[in-house]
Amino acid sequence: MRGTGYAEMVTVKINGKEITVEDNTLILDAARGAGYEIPTFCYQADLMGIGSCRMCLVEIEGQKKLQPSCVTPVLHGMSINTDSSTVQTARAGVLEFLLANHAMDCPVCDKGGECELQDMVHKHGPHKGRHAEPKFKFHEKDYTLSPVIIKNSNRCVQCMKCVRVCREVVGQNVLGALGRGDHQEPTSFFKHFMNCEMDGNCIEVCPVGCFMRLPYRYKSRPWDLKGSDTICPFCATGCRMVIEERDGALLRAKAQLGVGLNSETLCARGRFGQDFVNNPERITQPLIKRYGKLEPVTWEEAISHINVNLSGLSGEQIGGIASPRLTNEELYLFQKLMRGVLDSPNIDSSVRFSPEAVEGFVAATGMAEGGVSVYDCMDADTVFIIGTHLSDENPVIDYIVRRISAARRMNVIIASPRAMKLDSSANTVLRHNLASENAVLTTIIIGLNEGKLGEALKGMHDAQLDANLKASGLSADSVKDAVKRIAASESVAIFAGTDFLRYPEGITGLGILKDLLKSRGKKVKVMPVLDRANQRGAWEMGVHPGFGPGYTQVRKGLGTEGMLEAAMKGELEALYIAGSDVASMYPDEDFAKSALSKVKFLIVQDMFMSECARQANVVLPGASHAEKDGTFTNQEGRAQIIKKLLTAPGKAKQDINIIRAIGESFDRSFGPKHFALVLDEIRKEVPMYSEVSLAFNNKRNTENKLDNRTALIKAAEAPSISSGQFAAARAEESGARFVLATGNHLFHSGRSSRKSETLLGLLKGAVVEISDTDASELGLKNGDKVRVKGTNFEAQMTLITKKGTMRGVAFLAENFDEAPVNRYFRRGKGIPRVDIIKTI
Amino acid sequence: MMEKVLLKNLGKAGSHTIANYIAGGGYKAFTTALKMKPDNIIQMVKDSGLRGRGGAGFSTGLKWSFIPKDPTMQKFLCCNADEGEPGTFKDRGIIDHDPHMLIEGMAISSYAIGASKSYIYIRGEFVFGAERLQQAIDEAYAKGFLGKNIQGSGFDHDMFVHRGFGAYICGEETALLESIEGYRAQPRKKPPFPALAGLYGKPTVINNVETLSCIPAIIEKGPEWFSKMGPEKSPGPKIYGVSGHVKKPGLYELPMGTTAKDLIYNHCGGMLRDGKPLKAFIPGGVSAPMLTPKDIDTALDFDSLAAKGSMLGSGAVIVMDSSTCMVKMSYIINRFFSHESCGKCTPCRDGTPWLTKVLKRIEYGEGRPGDLDLLDGICDNIFGRTFCPLGDGAVMALRGALKNFREEFQYHIDHKRCMAS
């Protein structure tokens, strides 16, 4: 439990030792804080206590019965014994009961070796069992709940953590308990399993081998696994996880209780998507295009080929695009290579977003002011989420908002064109038109400017307001409600998502709202919500045409779009793409491909044969996050370490070594040689990162006293970010019914997750999502096969209908290979419009 | 014979209609109460010494006084009519034959604690009772005893019948609240107690049918009348529901503290069969430990029974003659508890079925040496460690049998047959 700092302190005696704790601390927390272990099954700090497993019973002086320490708060003067003989007998008794009907099939149980029941019986248990009756069995064979979850109820200890995590944290309410007494089983009805988000948090919290991960089944014993503590490479939430391998294959990823902001939770792609590193399609050797064909070469050949072809070019003729999934160290070296060695200002990390939008977004969200912890944001009176489909884009942030908003009194306001799971935790939902963030924010700003609230909002009928209400599609009532909540709050946290980068007009409103709230004396925190693991790090390492490392002033260069335009005109001789798939991410695939074909010398460094790589002159095989060391900066501005677990396949190299090799071919002193030395240089050169430490692992305990503010980066010294004005986003001019919204699907992140066999098994084929109203008007229903027809592209996919989504918005995720969303886009024509037609 | 209070209308034709109820002086107490200050009503109930008839015997007036006085706060009254303890059938008598007495009692209680809504959580199997209650509530609305601005007093009250979901645990007060809210009936952790955070998190009083039915009489006749009846510490009329080997089983309304001897041999006409003398009796539903003929002079009230190591519980007296096999009886009672265990906490969920399996073996002649020690051991591991009193009840019943009839269990194990038959 996080302390508020204002609670009264009380003194209690635990096992004779006097300790002082905050009033209302649970006995369990107090005892654990004082160093006394109390065993539990059903207790989990992030879930509401139910006190049902009875493992944590303790003796309180003056009370006849033993009390469950996980739901009993301390009282001043209480004297507690956590280890008396009565307590020990009770624990052994509970364990004897738990074993009575337990399957005892430990030799074939995946959990064997890391099972809490085993460990506890070993430590506290009766070493002789008295139960000699027939056992109750739920079923003979394990049953598969989903492509990733398999279940054996005979091993269940009924702690109900699975049910509670599903309800309280994930918010999906798939699991519940059926039956009574020893027939009680945490499970669900078939139709509810259809709603499962496959995040496997039920597996993670299960103390025994009841819920198990199917992809890992019978692959290894836990003691044969080698693990490394790392960061999820998908969205920018920055979840800490342990990835584990055996014989060179990554077998599983798991979260750890109390570690990282995600604690024990992960989403589907984080938990099950890491197997993309095992994909046999990985590129394993450098390739050079000769006579139109890519042929394997040695690294020396490849590097010298690059050196020869880049030598003699002026900086303006060269461009560099690096993926926001590379580490800070790699990105820092990349920009050092581009700016320092090749003398080129043309460098970018965003293929989808314009450099101006990025600069505006960085300024409006105040990224240069240093890191903001998500838990600090959750202390605010109002959390305002806008510009992101949080439940799909950053599922773990969705979990945090759900859990904390249920536990404390706060407002949650969500503005989004699409309905999302988190809406059920929101006090106000502002359902607005696509790309109308600015209008939404403007209505709120007008509302807040109407002076004192009570008399209030009566001036809200002026023309400007009406225009913005119309543009946003909001009702005046919902805006009034949001305004009332924001006005009454002392502190406001704004979660601003990537839609601001797609439709940058809203950035203006975001900046104004932030300043307005500050001028009213409110504490304001803005959290950028990003969808690539190291997007923030990429910007802060200066992989951007408008600013250098730490948002410093540099010679301005071309962004991705500018480079492609220059290539079209034949002005860009060479382009070095590290990890990005420009052809499948740039919103106009035809343009990107033909521009790339005009680049005389295209270097592509990637794990897989991407669309870009096929067009490249040199292909360099890079490494995944599991094969390298380094740091990622998440959206909060928290620099966290990733650690090497595997060796990159074949001759593939860590990206940092490839970049350095290219640099060294021009300048022998290019370096530093080791990622840790690069980080040292970053610490020196980028003051924001001066305190980033490799020792930090975000695990808070009594010894290190780390809290969630530690490891956040500092404010930049003199940021040079300009926030310009942005034109309103237009929709394409065609008669089609829907405007096309894009983003990430819940099961995917960009294209790298498409290489995960497990994730591909969760969802077959592309899906398009529209509101149920639209669907019924078109005579369509959930699950129909439809054709999504745009002006210049159409594809077949499955229809998903969503209750509450704005009418006229069709969502197509950017992740599907078979329906590349960027083919719907045409440069300069605005947001695509599509029709959805049922296929017969 | 005392003048009957609770069962006065039992067996009278048409006693459930509002016309007959009013003709018999019904709803006068409510009208009187509406002119009183709520605090004074609570004080009257406190003074009367009324203790909850559901089993725990907690002072009703005291329970009401825990409810916050803030008039802006939503409060609830719940009537626990989930009568499910084997042997108990007293509330049914009131619900079926005198529903208006309950409704009047609830209306007065709601007024006293400031509850604008009340729920009658009735056992799911009591279809007739639920229909009758609904009918009676409709009549009360029509006559203006429920609804808006009752009798011009400005007091609004709505009453609902909520049929239960078929589990014994629904009768546990916090599980009952969960059940009304639409969740799985499993007990909640206490504290917070329902008086502070009950139904939908609002202050809630939960009282038994019989308790609430005492209220109109207390208002009408005064607390002194009530407190003078029966023993000083637990006064008032009490319905004893007698079943088993007696000549005249049934419901008996007697002053609290009537002795078992008086009840069995006088009111119930003695043992059923000549030559089969009393072997044991359970004084308060199956979770109350049984007593033997040597305790026949015990007064059936809260404190006297507690002193004997048993409890009054719901006042369901089960009488057993010498033909009764204590092993079989223990097995059946235990089977009930293990079947009804809600599954929430480990000792009850996994302990009670284990007891049942061992008892079943003994009963079927498959007992093993050491089984009795095993039973004692399992009981020790359940008792006092469960989440709610269900597990404790199971253990108390078994312990009572083991204490008084251990040799009979041993005989079953040793001889693979019954001693009693």
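Of all residues in segment B:371-421 being within 14 Å of chain A (Cβ to nearest Cβ) and among the polar types (S, T, N, Q), which is nearest to A:LYS128 (Cα to Cα)? That would be B:ASN381.
The set of residues in segment A:262-303 being among the basic types (Lys, Arg) and within 14 Å of A:PHE608 (Cβ to Cβ) consists of A:ARG282 alone. For beta carbons closer than 9 Å, sequence separation of 6+ or different chains, a first residue in segment B:390-419 that is among the polar types (S, T, N, Q) and a second that is surrounded by fewer than 19 Cβ atoms within 10 Å (Cβ to Cβ), the qualifying pairs are B:ASN404/B:THR292; B:GLN410/B:LEU372.
Rundown of residues vs (1) touching a helix residue (DSSP H, G or I) at 6+ places or on another chain (Cβ under 9 Å); (2) within 23 Å of A:ASN433 (Cβ to Cβ); (3) assigned to a strand (DSSP E or B); (4) β-branched (Val, Ile, Thr), yes/no style:
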{"residue": "A:HIS745", "(1), (2), (3), (4)": "yes, yes, no, no"}
{"residue": "A:ASN792", "(1), (2), (3), (4)": "yes, no, no, no"}
{"residue": "A:THR798", "(1), (2), (3), (4)": "no, no, yes, yes"}
{"residue": "A:THR801", "(1), (2), (3), (4)": "yes, yes, yes, yes"}
{"residue": "A:THR805", "(1), (2), (3), (4)": "yes, yes, no, yes"}
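Let's see how each residue does on (1) within 23 Å of A:GLU814 (Cα to Cα); (2) among the aromatic types (Phe, Trp, Tyr):
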| residue | (1), (2) |
| --- | --- |
| A:ILE577 | yes, no |
| A:TYR586 | yes, yes |
| A:GLN615 | yes, no |
| A:VAL618 | no, no |
| A:ALA661 | no, no |
| A:GLU664 | no, no |
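Restricting attention to segment A:66-79, the residues being more than 9 Å from chain B (Cβ to nearest Cβ), assigned to a loop (DSSP other than H, G, I, E, B) and of a type outside the set (Val, Ile, Thr) number 6.
Counting only residues that are buried (at least 24 other Cβ atoms within 10 Å of the Cβ) and assigned to a loop (DSSP other than H, G, I, E, B), segment B:387-401 holds 1 of them. Here B:GLY25, B:GLY55, B:GLY49 are screened, and the one residue that is more than 24 Å from B:GLU173 (Cα to Cα) and either loosely packed, with under 15 Cβ neighbours inside 10 Å or not acidic (Asp, Glu) (or both) is B:GLY25. Just so you know, in segment A:510-563 the residues that are under 19 Å from A:ILE386 (Cβ atoms) and acidic (Asp, Glu) include one that is surrounded by the fewest Cβ atoms within 10 Å (Cβ to Cβ), and it is A:ASP515. Taking the conditions (1) in contact (Cβ under 8 Å) with a residue 40 or more places away in the chain; (2) not in a strand (DSSP E or B) in turn, A:ASP29 satisfies each one other than (1). Being assigned to a helix (DSSP H, G or I) and surrounded by 18 or more Cβ atoms within 10 Å (Cβ to Cβ) is a property that does not hold for A:SER776.
Tell me, please, whether a residue that is among the aliphatic types (A, V, I, L, M), in a helix (DSSP H, G or I) and touching a residue at least 12 places away in the same chain (Cβ under 8 Å) can be found in segment B:233-255. No, that holds for no residue. The helices (runs of 4 or more DSSP H) found wholly in segment A:456-574 and carrying at least 1 residues that are under 20 Å from A:ALA716 (Cα atoms) occupy A:505-519, A:535-540. Residues of segment B:129-177 that are surrounded by fewer than 21 Cβ atoms within 10 Å (Cβ to Cβ), assigned to a loop (DSSP other than H, G, I, E, B) and acidic (Asp, Glu): B:ASP156 alone. Once segment A:50-65 is narrowed to residues that are of a type outside the set (Asp, Glu) and surrounded by fewer than 19 Cβ atoms within 10 Å (Cβ to Cβ), the residue that is nearest to the other protein chains (Cβ to nearest Cβ) is A:LYS65. Being more than 14 Å from chain A (Cβ to nearest Cβ) and in contact with a Pro (Cβ under 7 Å, 6 or more places away or on another chain) is not true of B:ASP297.
The set of residues in segment B:9-20 that are crowded, with 17+ Cβ neighbours inside 10 Å and out of contact with any Pro (no Cβ under 6 Å at 6 or more places or on another chain) comprises B:ASN9, B:LEU10, B:SER15, B:ILE18.
Does A:ASP105 fit the bill of being crowded, with 17+ Cβ neighbours inside 10 Å and either touching an Asp or Glu at 6+ places or on another chain (Cβ under 8 Å) or more than 14 Å from chain B (Cβ to nearest Cβ) (or both)? Considered against the rule, which asks whether it is crowded, with 17+ Cβ neighbours inside 10 Å and either touching an Asp or Glu at 6+ places or on another chain (Cβ under 8 Å) or more than 14 Å from chain B (Cβ to nearest Cβ) (or both), A:ASP105 comes out as no. Of the helices (runs of 4 or more DSSP H) that lie entirely inside segment B:274-386, those containing 3 or more residues that are surrounded by 18 or more Cβ atoms within 10 Å (Cβ to Cβ) and out of contact with any helix residue (DSSP H, G or I) (no Cβ under 8 Å at 6 or more places or on another chain) span B:302-307. Sub-6 Å Cβ pairs linking a first residue in segment A:327-346 that is touching a residue at least 40 places away in the same chain (Cβ under 8 Å) to a second residue that is among the charged types (D, E, K, R) and surrounded by fewer than 24 Cβ atoms within 10 Å (Cβ to Cβ), at least 6 apart or interchain, are A:VAL341/A:ASP667; A:PRO345/A:ARG555, ordered by first then second residue.
Among the conditions (1) under 25 Å from A:ARG271 (Cα atoms); (2) facing chain B (nearest Cβ under 9 Å); (3) polar (S, T, N, Q), A:THR89 misses just one, which is (1).
Taking the criterion of being within 11 Å of chain B (Cβ to nearest Cβ), in contact (Cβ under 8 Å) with a residue 60 or more places away in the chain and buried (at least 17 other Cβ atoms within 10 Å of the Cβ), would at least one residue in segment A:41-49 satisfy it? Scanning segment A:41-49, I find at least one residue that is within 11 Å of chain B (Cβ to nearest Cβ), in contact (Cβ under 8 Å) with a residue 60 or more places away in the chain and buried (at least 17 other Cβ atoms within 10 Å of the Cβ), so the answer is yes.
For beta carbons closer than 6 Å, sequence separation of 6+ or different chains, a first residue in segment A:806-819 that is surrounded by fewer than 21 Cβ atoms within 10 Å (Cβ to Cβ) and a second that is hydroxyl-bearing (Ser, Thr, Tyr), the qualifying pairs are A:ARG807/A:SER771; A:ARG807/A:THR773.
Please work out which residue is farthest from B:PRO86 (Cα to Cα), limiting yourself to segment B:341-367 and to residues that are among the charged types (D, E, K, R) and more than 7 Å from chain A (Cβ to nearest Cβ).
Checked segment B:341-367; the qualifying residue farthest from B:PRO86 (Cα to Cα) is B:GLU366.
Let's see how each residue does on (1) over 21 Å from A:ASP392 (Cα atoms); (2) surrounded by fewer than 22 Cβ atoms within 10 Å (Cβ to Cβ); (3) within 14 Å of another protein chain (Cβ to nearest Cβ):
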residue	(1), (2), (3)
A:VAL157	yes, no, yes
A:CYS166	no, no, no
A:GLY179	yes, yes, yes
A:CYS196	no, no, no
A:ARG213	yes, yes, no
A:TRP223	yes, yes, no
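Checked against the criteria, A:LYS289 counts as touching a residue at least 24 places away in the same chain (Cβ under 8 Å) and more than 21 Å from A:ARG246 (Cβ to Cβ).
No value in this document is a laboratory result; all are computed from the given coordinates. These numbers were taken from a predicted model, which means no experiment stands behind them. Note that each Cβ is placed from the backbone with ideal geometry, even for glycine, and that neighbours are counted across all protein chains shown.
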